[in-house]
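The values are calculated or read from the model by the stated rules, or taken from the named source; none is laboratory data. Just so it is clear, the structure is predicted and the values come from calculations on it, not from any experiment. A quick note on method: Cβ atoms are made from the backbone with ideal geometry, for glycine too, and the neighbour counts reach across all protein chains shown. Please note that ligands, DNA and RNA were not included when accessible areas were found on the heavy atoms of the full protein model with its side chains. Shrake-Rupley method; radii C 1.70, N 1.55, O 1.52, S 1.80 Å.
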Amino acid sequence: MFELFEQYIKKTIPELTEDEIRLMESRCSVRKLRRKEFLLREGEICNEKAFVTKGLFRTFSVGENGAEHILRFIDAGNWLIDPESYFKEQPAKYNIDAIEPTQVVLFHRADFHYLNEQIPHLGKYNQDLFKESVLTLQDQLHMTISGTSEEKYLHFIETHPDIYQRIPLHMVASYLGLSRETLTRIRQGMAGK
């Protein structure tokens with residue numbers, strides 16, 4: 001599994017030396033998860049950054065009525081944490097589980113901090129990644145508060161074309177903040193055009 005991460009990190013940060021990559025490998029662990037297996041449960045503290053090498057995750061909460069509220073989907077080639085829990089070292093408000101069989105490379109908080117200190121290019125990469133995440137979140141938030149149901153659906157298809165094909169309709173509806181019936185009506189209306 002580390003080989004897939006190594007391919008990604010070499011392409012993303014070509015300045016890394018072989019020694020730096022071996023240092024990263026020495027400070028990580030790998031894990032496979034089955035479908036519906038949790039990487040993080042509400043109430044636990046997120047102590048690891050995960051890089052997804054295979055599969056698909058979702059971050060979600062469960063309302064008092066039992067309804068799931070999906071915050072985001074994370075597929076292979078992306079980093080995964082619960083930011084609030086990770087950075088504040090407090091119990092998570094969200095769950096993270098596997099939608100399909102997955103593989104991750106995990107870096108414990110202390111190890112990742114050490115790596116950032118030892119590998120300057122990694123530190124800069126993390127700053128850039130954080131900026132990109134903020135911009136993506138801002139775009140998602142804007143669509144959530146200002147887009148029509150149809151615009152939200154089209155935006156999801158455009159921004160998540162691979163994920164869209166791999167998840168059930170009720171998860172798409174939950175992510176978009178729509179009822180399954182509304183989403184079905186939108187899809188039927190679009191198919192008729």
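In segment 10-52, which residues are closer than 15 Å to Arg109 by Cα, touching a strand residue (DSSP E or B) at 6+ places or on another chain (Cβ under 8 Å) and small (Gly, Ala, Ser)?
If the condition is that a residue be closer than 15 Å to Arg109 by Cα, touching a strand residue (DSSP E or B) at 6+ places or on another chain (Cβ under 8 Å) and small (Gly, Ala, Ser), then Ser29, Ala50 are the ones that fit.
Taking segment 106-164 as the search range and keeping residues that are touching a strand residue (DSSP E or B) at 6+ places or on another chain (Cβ under 7 Å) and open to solvent by 70 Å² or more (accessible area, probe 1.4 Å), which one is nearest to Asn78 (Cα to Cα)?
Checked segment 106-164; the qualifying residue nearest to Asn78 (Cα to Cα) is Asp162.
Would you mind listing the helices (runs of 4 or more DSSP H) fully within segment 86-190 where at least 1 residues are more than 28 Å from Ser29 (Cβ to Cβ)?
Counting at least 1 such residues, we get 120-146, 149-159, 161-164, 169-176.
Just checking, how many residues over segment 30-52 are buried (at least 17 other Cβ atoms within 10 Å of the Cβ) and under 19 Å from Ala76 (Cα atoms)?
Residues flagged as buried (at least 17 other Cβ atoms within 10 Å of the Cβ) and under 19 Å from Ala76 (Cα atoms) within segment 30-52 amount to 8.
How about segment 13-29: which of its residues are part of a helix (DSSP H, G or I) and crowded, with 16+ Cβ neighbours inside 10 Å?
Correct list: Glu20, Ile21, Leu23, Met24.
Could you list, ordered by first residue, the pairs with Cβ atoms under 7 Å in which the first is in segment 80-102 and over 10 Å from Glu48 (Cα atoms) and the second is open to solvent by less than 20 Å² (accessible area, probe 1.4 Å) and hydroxyl-bearing (Ser, Thr, Tyr), at least 6 apart or interchain?
Once the first residue is over 10 Å from Glu48 (Cα atoms) and sits in segment 80-102, its partners that are open to solvent by less than 20 Å² (accessible area, probe 1.4 Å) and hydroxyl-bearing (Ser, Thr, Tyr) give Pro91/Ser85; Ala92/Ser85; Tyr94/Thr59; Ile96/Thr59.
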